[in-house]
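These notes concern the structure reproduced below.
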Amino acid sequence: QTAAGVKMVTGDLRLPAESLPRPANSEADDDIFGFTPSGPYVVPGKYKVSLSKRVEGVVTPLAGPVEFEVRYVGPMPPGEAVVKDLAAFQKDVMRLQRDLNAATAVAGELTTKLEQIRLALDQTAAAPTDARDKVRKLIAAHRETLRTLNGDNVLRGRNENTPMSIAERAGVAAAATRTAIDKPTGTQREEYRIARTELDRQMAKLRQLRDTDVKELEKLLDKIGAP
């Protein structure tokens, strides 16, 4: 809140989101009904809440922490084992989604960088042929990585069947914790397992591309005086 006066603050009993909200438009009116990323519901248990104010970057505590208890309201309260299992699965899935967001961001940056390197090599007469071939092979392989991470929107637009992407599998797994307090299903656990394994494999490829292949090409560009 940024205005003076008595304010009411309500919590949605959700964990922090795995991604940041989009930057706000400073010229637009506040959209109180706009979408804000949110995490899964917290599991039943005891928590603490505190209140602070931030003025020009200075944070000042106002009240708390105060302990409160979240209880399940419904006909069949989950047992302690279910709550513990769900909390562990929530943690794993959110880590998966954060890693996927990071991998997608790095992949996007590498897409731009590879295209710039390809263009620089093509416009430099002294560029060796094998380097031009190499960057094109890297671009082709990187496109497959992008499809594995987030799917193929072109083929989807044609209503063609495409393999499930890591993002889709992560979405299925995350559905276990978004709207209900219940243990994840076998399908959701399997989708998480496949997504985690495949994401780790793709992250290793991205590290190799970023830290080795691209750096070698950049050194070559500098050596031959490319733009």
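The values are calculated or read from the model by the stated rules, or taken from the named source; none is laboratory data. The model shown is predicted, which means the values in this text are computed figures rather than measured ones. All Cβ positions, even for glycine, are placed from backbone atoms using ideal geometry, and neighbour counts span all protein chains on display. Each accessible area value is taken on the protein alone, full model and side chains, heavy atoms only, with ligands, DNA and RNA left out. Shrake-Rupley method; radii C 1.70, N 1.55, O 1.52, S 1.80 Å.
Just to be sure I understand, how many residues within the stretch 16-60 are among the hydrophobic types (A, V, I, L, M, F, W, C), surrounded by 11 or more Cβ atoms within 10 Å (Cβ to Cβ) and at pLDDT 75 or above?
4
Take the residues in the stretch 200-227 that are of a type in the set (Asp, Glu) and over 30 Å from ASP92 (Cα atoms); name whichever of them is surrounded by the fewest Cβ atoms within 10 Å (Cβ to Cβ). Full working, then the answer.
Residues of the stretch 200-227 that are of a type in the set (Asp, Glu), as a first pass: 200, 211, 213, 216, 218, 222.
When the remaining residues are screened for being over 30 Å from ASP92 (Cα atoms), the result is 213, 216, 218, 222.
Numbers: ASP213: 20, GLU216: 12, GLU218: 15, ASP222: 9.
Looking at residues that are of a type in the set (Asp, Glu) and over 30 Å from ASP92 (Cα atoms), I get ASP222.
Which one is modelled with the lowest pLDDT, of the residues in the stretch 142-174 that are open to solvent by less than 70 Å² (accessible area, probe 1.4 Å), of a type in the set (Val, Ile, Thr) and part of a helix (DSSP H, G or I)?
VAL172
May I ask you to list the residues in the stretch 131-141 that are open to solvent by 10 Å² or more (accessible area, probe 1.4 Å) and either closer than 17 Å to ARG210 by Cα or among the aromatic types (Phe, Trp, Tyr) (or both)?
LYS134, ARG136, LYS137, LEU138, ILE139, ALA140, ALA141
Just for the stretch 73-85: of the residues that are closer than 18 Å to PRO40 by Cα and modelled with pLDDT of 80 or more, which one is least open to solvent (accessible area, probe 1.4 Å)?
ASP85
Look at the stretch 86-130 and say how many of its residues are open to solvent by 50 Å² or more (accessible area, probe 1.4 Å), farther than 22 Å from ASP211 by Cα and touching a residue at least 60 places away in the same chain (Cβ under 8 Å).
Selection size over the stretch 86-130: 3.
Quick check on my filter: what residues within the stretch 180-199 are open to solvent by 70 Å² or more (accessible area, probe 1.4 Å), part of a helix (DSSP H, G or I) and touching a residue at least 24 places away in the same chain (Cβ under 8 Å)?
Residue satisfying the conditions is ARG189 alone.
Going by what's in this entry, would ILE139 be described as in contact with a helix residue (DSSP H, G or I) (Cβ under 6 Å, 6 or more places away or on another chain), farther than 30 Å from ARG14 by Cβ and modelled with pLDDT of 95 or more?
yes
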